[in-house]
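What follows is a set of notes on a single structure, which appears directly below.
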Amino acid sequence: MLLTIQAGDILVFFIIQNNTFANLLAQNPSNEIGKLPLAYFSLDVLNPDGVDHFVGFQSTTDPFTQFGFEDLTGGGDADYDDIVYNVRPPLEAIPLALEPVILLPGIAGSEIVTTDTIDLSVDDGHGGTWEHTYSSGEKVWINPLRIAARGDDDYFDVLKFEADGRTPITTRLRTSNLVKRVAAVLKFYDKWVPFFESQGYELGTTLFEFPYDFRQDITTTAGELDAFVLDALRAASDGEEDPARWEVTRSISSATVWARL
């Protein structure tokens, strides 16, 4: 039989366990464990025992790719030599698209910096007033020198919210990056990006960081994260604006969110 194969077609191979295809159709058409005969496929998701029965090898000395089947239920002796065949010329593996990953830090895991000079005068909470000038671009959180300083922690009063719990006492703050390390000795998220880059991910294309203002209401952060996920999906789909043409579906679960709580 002559079979015409088009570019992009997916071929699935199968083996009948010690029997014939005709008997499979007649005696076990649903291919159920507990009945005979059984068929095992080159796609493990089709196998009734859920085991991979098909392996492939690229020859290092000859121009072919070799495939082998294991016909025993559960993987048997795993010799994969019950049917062996070679394909010439050697097949090239198609790299799988990387699912976008969002790095989501835990609470207090995002840096907060000033966007402009802040001349702060605020109730210090212990009978006095805290007055201080914060320079533009100053990293307020996390500031190891201020944390280690003796005395009150009034320096961090700039992070306070008003009594309503929703309004910050200053709008001249923003999140910048994930907290990677503190004072060169305390390591937090410094290994995340290098690890994923070593696996083929690219920051801004398939790998994204989501620093967020951990002081604000979680519902606000949830809305920001939802918008961020959509932007990540667009970026991972080469800027495609039409969700129907995205390589991954539009949902919070479509981008892998790595969280450390």
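The values are calculated or read from the model by the stated rules, or taken from the named source; none is laboratory data. Computed from a predicted structure; not experimentally measured. Note that we place each Cβ from the backbone using ideal geometry, even for glycine, and neighbour counts take in every protein chain shown.
For the stretch 155-183, taking the residues that are of a type in the set (Asp, Glu) and at pLDDT below 95, the one that is surrounded by the fewest Cβ atoms within 10 Å (Cβ to Cβ) is identified as Asp164.
Among the candidates Val179, Val158, Val229, Val193, the residue that is under 19 Å from Glu99 (Cβ atoms) and touching a Ser or Thr at 6+ places or on another chain (Cβ under 9 Å) is uniquely Val229.
When Leu38, Leu46, Leu72, Leu96 are checked against the criterion of being at pLDDT below 85 and more than 30 Å from Thr170 (Cα to Cα), a single residue qualifies: Leu96. Of the set (1) touching a Pro at 6+ places or on another chain (Cβ under 7 Å); (2) surrounded by 13 or more Cβ atoms within 10 Å (Cβ to Cβ), all apply to Arg88 but (2).
Looking only at the stretch 111-136, residues that are surrounded by 11 or more Cβ atoms within 10 Å (Cβ to Cβ), of a type in the set (Gly, Ala, Ser) and at pLDDT below 95 come to 1 in all.
For the stretch 190-221, a residue qualifies if it is touching a Phe, Trp or Tyr at 6+ places or on another chain (Cβ under 6 Å) and assigned to a helix (DSSP H, G or I), and exactly one does: Thr221. Against the list (1) out of contact with any helix residue (DSSP H, G or I) (no Cβ under 8 Å at 6 or more places or on another chain); (2) in the same structural domain as Tyr201 (by TED's automatic domain parsing), the condition Asp81 fails is (2).
Listed conditions (1) within 30 Å of Glu240 (Cβ to Cβ); (2) surrounded by 14 or more Cβ atoms within 10 Å (Cβ to Cβ) are all met by Leu203, apart from (2).
Considering the conditions (1) surrounded by fewer than 16 Cβ atoms within 10 Å (Cβ to Cβ); (2) of a type in the set (Ser, Thr, Tyr); (3) at pLDDT 90 or above, Thr61 is excluded by exactly one of them, (3). The combined condition, being among the charged types (D, E, K, R), more than 30 Å from Phe196 (Cβ to Cβ) and under 31 Å from the mean Cα position of the chain (by Cα), is not fulfilled by Asp44. Under the condition of being touching a residue at least 40 places away in the same chain (Cβ under 8 Å), of a type outside the set (Val, Ile, Thr), assigned to a strand (DSSP E or B) and more than 27 Å from Tyr201 (Cα to Cα), the residues counted in the stretch 74-129 number 1.
The single residue among Thr205, Thr256 that is among the polar types (S, T, N, Q) and either touching an Asp or Glu at 6+ places or on another chain (Cβ under 7 Å) or at pLDDT 90 or above (or both) turns out to be Thr256.
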